[in-house]
Structure formats: C-alpha cells, structure tokens
Amino acid sequence: MEKFLIHGGRRLEGTIPVSGSKNSALPAMAAALLTDQPVTLDHVPAVRDIRTMGRLLADIGASVERSGNRYTIRAERIASPEAPYELVKTMRASSLVLGPLVARAGRARVSLPGGCAIGARPINLHIQGLEKLGARIRQEHGYIEAEAPNGLKGAEIRFERVTVTGTEDLLMAAVLADGETVLENAAREPEVADLAELLGKMGADIEGAGTGTIRVRGVAPLGGAEHRIIPDRIEAGTFLVAGAIAGGEIDVCGARADHLGALIEKMQEAGAEVAVSAEGSMRVRGGRRLAGVDVATREFPGFATDLQAQWMTLSTQAHGASILTEGIFENRFLHALELGRMGADITITGRQAVVRGPSVLSGAGVIASDLRASASLVLAGLVASGETVIDRVYHIDRGYERIERKLAAVGALIRRVE
Ligand code: EPZ
C-alpha cells in the first residue's frame, strides 16, 4: 500500500495549477449516456474516481477514449443498463447513472450504496424523484431496479433536503422526459450548473440551474457536445489553506473565486492574506498570525463540507478556539483523532468540534480515512515538525490529481513510497 512521507516546516513558494472538478466531471461523464452521439469533455482530472466512472460506462456499453485530460464518450447503444455492486461500493457516485439509464434505455439496475465512512448517505431522494417521473422501482438483492418502458413523464419534484448528486441524477432523467419538470429545493452547487451547461449544449432545455428551482422541458433526442469542466473548487481551497498555514507565498491559478466565496471570507476573517486576481488566480501569503474562526458547513453558497477537514487543520494553527459545525454529514470528523495524534487539541461533541490553537504539531504515523480527511492530514504534515507518514493514500488519489507533485513543485518535502 502506498504512503506519503512529509517533512514539515518548509516554506511554499510558486504557482499551483488547479485541475478540473472531479464532482463536475463525474455527472458530465454519466450525461454522455443520454445520447448516441459523442460527448467530449476537457479538463477532466486524472483521479481514481474518474477512472472508475470510465470503467462503469464501458461496462454499460459506451466507448470511452482518453487522451490526457480529454475524454470522448460515445454510448451508441446501452448494452447493459447496470451499475454492479463491485463498482458502486468503491464509488457512491456510480448512482449517477441511474437517471440517465432510465431516461435513455427505459430501465436500470443499480446497486444500492452501503454505509460510508462519513455518514449514512442514502439515495432515497433520487428514487422518490424517479418515481414522480413515472418510473416503477423495485428493490431486490441489494439493487434498485427501475423501469419506465414508455418513457418518463415531466413532474414537479420538491426535494425534502438539498442533495447534489440527487439533483444531478434527476436533472439528467428529466431532460429526456415527456413534458415539463420542475425541481424545487434543488442543489445550487456550481457542479449542478456545469452539468446543466453541458446538457444545454447537447440540446436540453433547462432554466434556473444554479438556483433552487430548475425547470426542464423534455426534448428528444439529445446530440453530442464538447465541454470544458470547471476548475475543482475543493482542490483550490485545499491549496489556499496550505498557503495560509505554511510560510511563503503561493498562487493558486486557474480557479474560480466566485466558487470559493465562503472559504475566502472565512480565511480573511481569520487574518489570512488572500488576494483574487481577475484571471482566476488567487495569491495567498503565509506567515500571518491567524485567529480562530467558527465555521458551519452548509450547502452552496455556504461553507463546503468538503473543506471542513482542511479548515480543522488551519484551526490548529490559529490563536484561540474555533468551533466547527458539520451540517451535512453525521460522521465527518474522523480526521480529528489523527490530528490529535499529531498534537492538535480537538474536542468533539456530536456534530461540533472545538479546536483550540495554536498547537505545535509533530510528525507522526497517521491513517487517511476518506478523501478530504486525507487532505487535512497532508496539510498538517506540511506544518508539523519532523516526519509525517500518511497511510492509505488511495483515499486521496480518488479526488486529487497528483497532490504530492503539485505540493513538491512549490517546495514541500513530500514523496510517495510503497
Ligand atoms: C456530493 O455528494 C459530493 N459528491 C460530495 O463530495 C459532497 O460532500 C456532497 O455532495 C455534499 O456537498 C459528488 O458530487 C460526487 P448529497 P452527494 O446527496 O451528492 C442526505 C467529496 O469529498 N441525502 O448532497 O452524495 C445525505 O445523507 C465528496 O468529493 C439523503 O438523505 O451528497 C447527506 O446528509 C464526498 N437522501 C445530505 O443529504 C438522499 O437521497 C447531502 O448529501 C441523498 C442525500
């Protein structure tokens, strides 16, 4: 199993380029199932979850060609409208093929995701929405079987709670449905708006993506398209935090500051120096005295749950107490115990963590438990004294494109070992 070795305490200087968004590329790839024409996606990050989605689409019958960060997917026919347990258990986002498959092929068989390190994460809202669109759903042997032999029918769907992939799944189902669909209490994340932009290029008729109400008028058939995936706001945010806690100065380039408003605001409140340039580059200077700042994670445009772990590492370096409230997932503080092993002072009560800083972190052997938790440990390793060894880095490879190379290029002492 691969590990990262990090020697902390190095200043970071230089420019870090931001990759394309994993969470935008995943639904975009699934959207290619909606047409028999080729869909070409640029700026797709080279991360493990994307390779898993590529495998899933190929199993379903699509041809998937990759050239660097460019993918061309052509689903001329749907050979097997199924997402097997073996793939779903390694990547929950596999359930994103449910909506497109029912819409295009009239049926789908998708394994139900099981438990997850960060919380229960059911897909009941995807299922209820598909039922409203007229699909018949059965649950058997751990699989969801959905059928709509005569096609889906537009409907009004109000999400009980905001769900990102649920909104994306139903948006993809609705574009081929007969008539109008209104999605209320829809997720407003930039990844939803990016998906809608791609679907629009394929010929779909969508209004309001990026707001809480999305209207879709069904159109068939959809055609091919070319689309460039938006930058990964979570990767960019991770590097901004790295810059704020390590000495030196880094430019995080190719990101979208308008996708990172809540983080930048909190960083500035903590006393970090972050400047945004017009071209989407952000400069962050470390070495400033940081103050503890409370953060509560919420749906976009609130503070992203996917940046909570990284904020916890920043809080260990800030003066005073920071209260972190996790508003999205019930069990997303696993990194706190590992940070504690490095010397952080963190108390967890239910969905709240109190971090008292600043702590002098010392390098230790730690275990990555999920994608963003791993990122917080890498950040801690950058400021800890001595050597940090992070085990199970496959978690970080799911969503960060060669994080060790990007950090090493700006001066971090980090390497991957077997
Ligand atoms: C997406 O997951 C992201 N994944 C997650 O990124 C991210 O943490 C999450 O949104 C929240 O922003 C992708 O985009 C591929 P949700 P998703 O449905 O869509 C509950 C990362 O690190 N819920 O918005 O699965 C659910 O349990 C990852 O890159 C239901 O109850 O999250 C959670 O508490 C991890 N029933 C809340 O809603 C449902 O049917 C929000 O989950 C669906 C969700």
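The values are calculated or read from the model by the stated rules, or taken from the named source; none is laboratory data. Keep in mind that what you see is a predicted model, and the values were worked out from it rather than measured. Cβ: placed from backbone, ideal geometry, glycine included. Neighbour counts: every protein chain shown. The area values use the complete protein model at the heavy-atom level, side chains included, leaving out ligands, DNA and RNA. Shrake-Rupley method; radii C 1.70, N 1.55, O 1.52, S 1.80 Å.
Other residues with beta-carbon under 11 Å from the beta-carbon of Arg158 carry, at +1 per Lys or Arg and -1 per Asp or Glu, a net charge of -1. Sorting 214-221, 180-187, 62-69 by average packing, meaning the other beta carbons within 10 Å per residue, from highest down gives 180-187, 214-221, 62-69.
All C-alpha to C-alpha distances of the range 206-284, sorted into 5 Å bins beginning at zero, yield P(r) values of 3, 13, 20, 18, 12, 9, 9, 8, 5, 3, 1 percent in whole numbers. Global size of the range 22-228: 15.1, 40 Å for Rg and Dmax (C-alpha atoms, Rg to one decimal, Dmax whole). Within straight-line reach of Lys3, meaning a Cα separation under 16 Å, sit the following aspartates and glutamates at least 8 residues removed in sequence or on another chain: Glu338, Asp370, Glu387, Asp391, Asp397, Glu401, Glu404, Glu418. Estimated translational diffusion coefficient (Stokes-Einstein, Kirkwood radius over Cα pairs, 25 °C, 0.890 mPa s) of the range 56-148: 177 µm² per second. Scaling against 2.2 N^0.38 Å puts the C-alpha radius of gyration of the range 271-371 at 1.12. Within straight-line reach of Lys132, meaning a Cα separation under 20 Å, sit the following lysines at least 8 residues removed in sequence or on another chain: Lys153. Protein heavy-atom accessible surface, 1.4 Å probe, per residue over the range 22-228: 40 Å². Summing charges over neighbours of Glu76, with a neighbour being any other residue whose Cβ is under 12 Å away from its Cβ, gives +2 when K and R count +1 and D and E count -1.
Across the range 1-57, counting alpha-carbon atoms alone, Rg and Dmax equal 16.5, 53 Å. Which cross-chain or sequence-distant (5 or more) residues have an amide H under 5 Å from the amide H of Ser21, H modelled 1.01 Å from N in plane? So Ser21 has HN proximity to Ile230, Asp232.
Estimated from helices alone, the mean residue ellipticity of the chain at 222 nm is -9000 deg cm²/dmol (sum of -39500 (n - 2.57) over DSSP H runs with n ≥ 4, per residue).
The angle between the Cα long axis of helix 261-270 and the main principal axis of the chain comes to about 10°, on a 0 to 90 degree scale. Take every DSSP beta bridge whose two residues both sit in the range 148-263; close to 60 percent of them are antiparallel.
Of Arg298, Arg228, Arg161, the residue with the greatest mean-square motion in the GNM of the chain, using alpha carbon springs below 10 Å, is Arg161. Specify the inter-centroid distance of the range 6-28 and the range 213-280, based on alpha-carbon positions, in whole Å. Value for the Cα centre distance between the two parts: 11 Å.
Across the chain, Cα-Cα pairs more than 27 Å apart make up 50 percent of the total.
Listed by chain and number, the lysines whose C-alpha is less than 27 Å from the C-alpha of Lys266, apart from same-chain residues fewer than 8 away, are Lys22, Lys406.
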